[in-house]
Amino acid sequence: MLSRQHSFYKEFLQLVDAIVIAGSIWVAHALRSYLGMQFSSLDNFPAEPQFENCYWMIALALPVGPLILEYMGFYQTHPPVSWVRSIGRIMWSLFLLLLAIFACVIIFHIPQTKVSRVALGLFFVIGTGILSVRSAVFLIWLRQRGSRVHLRQYILLCGLPLDRQRWKERFLSQPGRGFEIKAEFDLRQEGLPRFVEIVHEHTVDIVVFSLNESIIPQVREALLACEVEGVEAWVSADFMQTVSTHVQFDQFAGHPVLVYRTTPTISYGLVAKRLIDIVGAVFLLFLTAPFMLLIALLIRATSPGPAIFSQNRSGLHGRPFRMYKFRSMVTNAEQARAELEARNEMSGPVFKVQNDPRVTPLGHWLRKTSVDELPQLWNVVRGEMSLVGPRPLPLYETANFGDVSQRRRMSMRPGLTCLWQVRGRSKISDFNDWVRLDLEYIDRWTLWLDVEILLRTVPVVLVGWGAK
């Protein structure tokens, strides 16, 4: 299914599902209230209608419900998902949504009298039923749409034999059977007149060109013929093979361009990531402000020098920015670094030493608990860093990268924590392993991966695992 068509379907279904989930919550509370005292022994929820008690749940479920469904792969269309598996994903999604509701009850100290366990149980049943019906209806519609002749699109495949075979397999794997391959055409063997004849003979709707360096002139002529005929043309531009690059078509100043991107493109997920960064960083700054003031006073009292250490670090794509930390070393640490080069335990450009003599007694504790990183919350608020992302390195270390490909770890905004923090931290002695984890994060990035890393960071920080 074309990405634009899939995106339209997904956004429309997410809107429908958000309404279904919100409506299910309201109906569940309505049933609980109107059934009255029959469930009075199961919870303390009032028997009379109390719809205002579910409004905050609806406000939570409207954005969170579709996000959880997407995370569980509910909107996946390739490969097609069976209806039974779809029901399983619905049940898991609603279960996670209930966990989010209970988490809000605990965090915000919502009285139990305002939360009906029976209503939430009814919501789980009602929501599962309606979403399952909605999923089945959509799948039936998708299949019937492809079986209707007047809606089916006839395809002409043009290109080299191997490329045509690959496209044939792609079309056959699509759900809905909305495409039918009517003919194939070899641009090297047959001329433009024959191409036009085939388009006429088979009443072709779409011509798919598999672009190859050897047939670019023929493709150009055939594209012009399609333009004259008013026939839609697709040009497959995968002749330039890449390993981890995502290819997208875009326009700039009215000119078509192919965009090869290794990092996530702008999306609601990235917007949500930035909102989480701002809200989380501001919240943590206010929450830890008294504690940070105490730490600053202790640093000043136990060793001469400023409480805050700042250093130029490499940010997004290597842009320098000023990063802040609580000072955990003596003030002349940078000058003494040269004397310790022989004790470096990290391969590559990064400098790591166990039992570093430059670290102050208080600094050992600050580093072990990662408290020294708290001032970087200000870098997060300023947009120079994120809560989750590859750790920023000093400028002199990034300048000494032995492999140019290592710079790709700077293609996302640096963060306070990342996979390196939760999977090894200072136990990793090979910089290539560090880079591999950073690139794994970039290639696998989702908003839920950020949430997972943040949750896993908490116990790692509390026990000081892997810290030096």
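Laboratory data are not the source of any read-out in this text; all were calculated from the coordinates shown. The structure displayed is predicted, hence computed values, not measured ones. Every residue, glycine as well, gets a Cβ built from its backbone with ideal geometry; the counts of neighbours run over all protein chains shown.
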- Using packing as a proxy for protection, rank 439-447, 291-299, 153-161, 57-65 so that the peptide with the highest average count of other Cβ atoms within 10 Å comes first. 153-161, 57-65, 439-447, 291-299
- Message: Only helices at least 15 Å long along their own axis, judged from Cα atoms, and with Kyte-Doolittle mean hydropathy of 0.0 or greater: name those in the chain from DSSP H.
- Response: 3-35, 55-71, 83-107, 117-147, 216-229, 268-302, 447-463
- Task: For T113 and A338, calculate 0.36 nm times their separation in residues minus their Cα-Cα distance, and state this gained length in nm to one decimal.
- Result: 74.5 nm
- Query: Across the chain, how many lysine pairs, 8 or more apart or on two chains, come within less than 15 Å at their alpha-carbon atoms?
  - Reply: 8
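To the nearest 20 debye, what charge dipole does the chain have about its Cα centre, counting +1 at the Cβ of each Lys and Arg and -1 at the Cβ of each Asp and Glu?
Numbers: 49 positive and 40 negative charges, 272 e Å.
Here the size comes out at about 1300 debye.
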- The answer for V235, listing residues at least 5 apart or on another chain whose modeled amide H is closer than 5 Å to its amide H, is F209
- Query: Can you list residues whose amide H is under 5 Å from M329's amide H, if they're 5+ apart or on another chain and H is modeled 1.01 Å from N?
  - Reply: T360
- Query: Per the helix-only calculation at 222 nm, which mean residue ellipticity applies to the chain, given -39500 (n - 2.57) for every DSSP H run of n ≥ 4 and division by its residues, nearest 500 deg cm²/dmol?
  - Reply: -16500 deg cm²/dmol
- Query: From the list (i) 28.9, 89; (ii) 22.8, 73; (iii) 23.9, 80, can you say which value of Rg and Dmax of the Cα atoms in Å was derived from the structure given?
  - Reply: (i)
- With the dipole of the stretch 268-463 worked out from charges on the C-beta (+1 for Lys and Arg, -1 for Asp and Glu) around the Cα centre, which of A272, V388, P349 lies farthest toward the positive end? A272
